[in-house]
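Asks: Pasting a structure here, questions to come.
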Amino acid sequence: MQYKKYIFIFLFLSFLVSRAQSEPKAEPYWSNTKVMDLKVKVYDEINKRFIEDAEISVNSFITSKSDSQGIYRVKGRVHDELVVRHPDFATVYHVIDSDKDIKVVIKKISKTKNSFFASAKKRESNYSQLIDSAKFYQYKDIDKSLSFIENLLESEQSKQRHANTYKVLADIYLHWKQYDIAISNYRISLRINEKVETLLQLAKAQYLAKEYDDSEETYNDLKTKSLSSYERVQVFQGLADVFLSKKEFEKAKNNYEKGLEIAEEKSIKEEIPDLNAKIANIYAKEGNLSKANTAINKTLEQASELDEEPSLKVQQEVADFYNETEQYDNEIKLRKEILENVDKNARNNVKRKRESIKTEEDEIEEPKDSLTSQKMNYKIGNAYVLKENYDEAINYLEKSIKEADKKEDFEVKKHATRKLSEVYATVGSYVKALRTYRDFVEVVDTLYLKKEQEIYQIQRLSKKIAENQSRIAILEKDKELSESKLSVAYKDKELTVERNIRQQIIIYSLLLGLVLMSLLSYYSHRANQKQKLANNLLALKSMRSQMNPHFIFNALNSVNSFIAVNDERNANRYLSEFSVLMRSVLENSDEDFIPFTKEIELLELYVKLEHNRFQDKFEYKIDVDESIDLDDYKIPPMLLQPYIENAIWHGLRYKKEKGNLSISIQNETADSIKIVIQDNGIGRKKSMEMKTKNQLKQKSKGMSTIKNRIAILNDMYQDKVAVQISDVLEDGSGTKVEVTLKK
């Protein structure tokens, strides 16, 4: 059973292996993705319109022109990253997920302050025209191109557009190989508004200016930014170029490989062959020819998937690789294919130009590093020379000279003529060699004159550039000065606003503090009043407690006097009436005020008791005005008793003849009554003179206590009681006490 089991597993595994081998090898992701023609619209949601001057890019494909309906037409594949750039909004990244039309909605547009839509649209149109003109003349006439930039810098622009203007200016200088000025303007653009595409151009300019350390630093800074896949490939490729120039091959290879990995993953096929070619070049420099050839063969396969122009560029790089690695047969074969395609393109261009009406806009200067038939023929001839196949070499070198002469390419003609002269000398054709050498000298002379003219033109160009840059620098300084003044004005305004705010805060704080202090004072006063009231009540209670023993003491003296004369009957009667009085007094001892009728009853009882004792000393009369409604009035208990007691004990008691005591209660005003206690006794002055020494030592507290009671009561109840004491007669005899009591 075990044996059969192992046989079954072996057969099953064999089936899987054969199945895997029979399946076709999967094509790389970048090679089998269909390129689509896509329509893109950029919609401004704020102003409800389509934006017609944005820059749309998919990998290396870039367009900034839309049709009358605002549609941009681009080429791309599924999973490619579409990037939308514009000076007035942040860069937008969109991943293509189908062949459907793409609508990019912009929700935030930056505008100049105090502008409105119509003027903003007009400025946008002017800006677009000027910037497009500057870009068009960038390759043809730097003077014209810079004049448009000057117009832009003189005009009012948003911060983003101002930065973009300086970026375009730097691009112009970069094209004309004025790297130091380009770097300076890229930095100005970045100071105004930092953008990824500007940083990429700065890093490239620094590399071309051979400022490798600065370029490396800029590329490393870009790694920290938000980048599209294509931009990430550019960063790694640029960083690798820097390391390659610094002969740090391992670092260069690592960065090329990182860029290649992203390009393959994200289907950026136009960059893949170029990266592979550069990796192959590094392998060749390291002496690893096997890996170099593997990479270069892969590059040729990948180049066949590209459009014609990028494909030819990659093939040329491969041909250069073959030349450097002495693979001359491969070089010749590949360069002949390139030459065939170049000739075919040239014929097509001639045909197209004949069929079309040529305008100034169509006449775009061909880049100097483009592929030309004279250059290809020269390189093929040179390869044959290195192979020592001199017949073929002579054939292609002569073709190169002929083409170069026709196109006035004196540089290629010079090299081809010199090489042809050397070949003739090598094969022993000295006459031809001499004649060709003379041609070479003539070409050199012509080229020398041309170089002199170019040097003169370059000097003129440099002077123009310096003048233009100087004017632009002055414009920038003026703008900075204006912005500085504006900034100072804004700061002054902000400081004024801040100062006003601070003043308001201080005022509100003071008001709040005042309110809090008022509340604090109010609650403190209220607490003090409560405390004062409590103190006053306590003082009144204390004074009443002092009055009661004083009264009782005087009453007991009266009882004592009856007992001393053995008047038991009167003593008993006095004690009986005194107990009634004491009961009433003690009942009212806790009250601040009692009904006035009750006070009169107590006074009548007290005067009656004193009259019983001093019947031979005084007569009394209590008179109450019947018109007074006594129920409307209240009086502090035992307030009048001390005055009556003083009148009897200190005025009437010492009088030789019988005196009179009158107590009258009369209306004073509608809200007050007057109580008058009057006697015809010896008077206050004489009473003081008759006091014994012992009596003088003991201060009477009755009058001082009643005086303090009245003061406290008036403080608590707003002057409810008023007391006035006076002598009745001019000789000081008799005493009159007037007590005014309010309702």
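Readers should treat all values here as calculations from the given coordinates under stated rules, not as data from a laboratory. Here the structure is a predicted model, which means the values were calculated and not measured. We place every Cβ from the backbone using ideal geometry, glycine too, and count neighbours over all the protein chains shown.
Asks: Under the 0.36 nm per residue contour assumption, what length would be gained going from the current alpha-carbon distance of residue 616 and residue 597 to full extension?
Replies: That works out to 4.0 nm of additional length.
Asks: Loop only per DSSP, at most 14 neighbouring Cβ atoms within 10 Å: give me the trypsin sites (Lys or Arg not before Pro) in segment 246-311, ordered by residue number.
Replies: Passing both the DSSP loop test and the Cβ count: 246, 247.
Asks: Can you grab the distance from the C-alpha centre of segment 579-629 to the C-alpha centre of segment 260-319, Å, no decimals?
Replies: Each part's Cα centre sits 133 Å from the other's.
Asks: With a Förster radius of 51 Å, plug the Cβ-Cβ distance of residue 144 and residue 93 into 1/(1 + (r/R0)^6) and report the FRET value to the nearest 0.05.
Replies: Here the calculated transfer efficiency is 0.90.
Asks: OK, next. Can you list the aspartates and glutamates whose alpha carbon sits under 14 Å from that of residue 387, skipping same-chain ones fewer than 8 residues off?
Replies: Once the sequence-local aspartates and glutamates are set aside, what remains near residue 387 is 324, 326, 329, 331.
Asks: Here's a follow-up. Taking the simple approach of a point 7 Å from Cα along Cα-to-Cβ for both residue 395 and residue 250, what is their distance in nm?
Replies: About 4.8 nm, to one decimal.
Asks: Please sort by residue number the trypsin sites (Lys or Arg not before Pro) in segment 624-679 whose DSSP state is loop and whose Cβ has at most 15 other Cβ atoms within 10 Å.
Replies: 656, 658
Asks: Between residue 557 and residue 225, what length in nm is gained on full extension when 0.36 nm per residue of separation is reduced by their alpha carbon distance?
Replies: Fully extending the segment from residue 557 to residue 225 adds 108.3 nm.
Asks: Also, I was wondering about something else. Report the gain in length on full extension from residue 132 to residue 676: 0.36 nm times residue separation, minus Cα-Cα distance, nm rounded to one decimal.
Replies: 184.2 nm
Asks: Restricting the count to DSSP beta bridges whose residues both fall in segment 601-741, what percent are antiparallel, rounded to a multiple of 5?
Replies: 75
Asks: Are any of the pairs 656/685; 278/379; 39/204; 140/253; 258/313; 655/743 more than 25 Å apart by Cα-Cα distance, and if so, which? Numbers along the way, then the final one.
Replies: Numbers: 656/685 17 Å; 278/379 20 Å; 39/204 31 Å; 140/253 37 Å; 258/313 22 Å; 655/743 37 Å.
Listed pairs above 25 Å: 39/204; 140/253; 655/743.
Asks: Scan segment 577-649 for GluC sites (Glu not before Pro) in coil per DSSP, keeping those whose Cβ has at most 12 other Cβ atoms within 10 Å, and list them by number. Please report the intermediate quantities before stating the final value.
Replies: Working: sites: 577, 587, 591, 599, 601, 604, 610, 619, 626, 645; in loops: 591, 626.
Passing sites in segment 577-649 are 626.
Asks: Another question about this same structure. Using mean Cβ contacts within 10 Å as the protection proxy, how do 371-379, 132-140, 226-234, 319-327 order, highest first? Write down the numbers at each step before the final one.
Replies: Values: 371-379: 23.2, 132-140: 16.9, 226-234: 20.9, 319-327: 18.8.
In decreasing order of mean packing, 371-379, 132-140, 226-234, 319-327 become 371-379, 226-234, 319-327, 132-140.
Asks: Can you list the residues, at least 5 places off or on another chain, whose amide H is less than 5 Å from the amide H of residue 659, using H built in the peptide plane?
Replies: Residues meeting the criterion, in which the H sits 1.01 Å from N, are 618, 619.
Asks: Just to check I understand the Karplus step: with θ = phi - 60° and J = 6.51 cos²θ - 1.76 cosθ + 1.60, what whole-Hz values come out for segment 623-631, glycine and proline as x?
Replies: 3J(HN,Hα) across segment 623-631, in whole Hz: 10, 10, 5, 5, 6, 7, 8, 5, 5.
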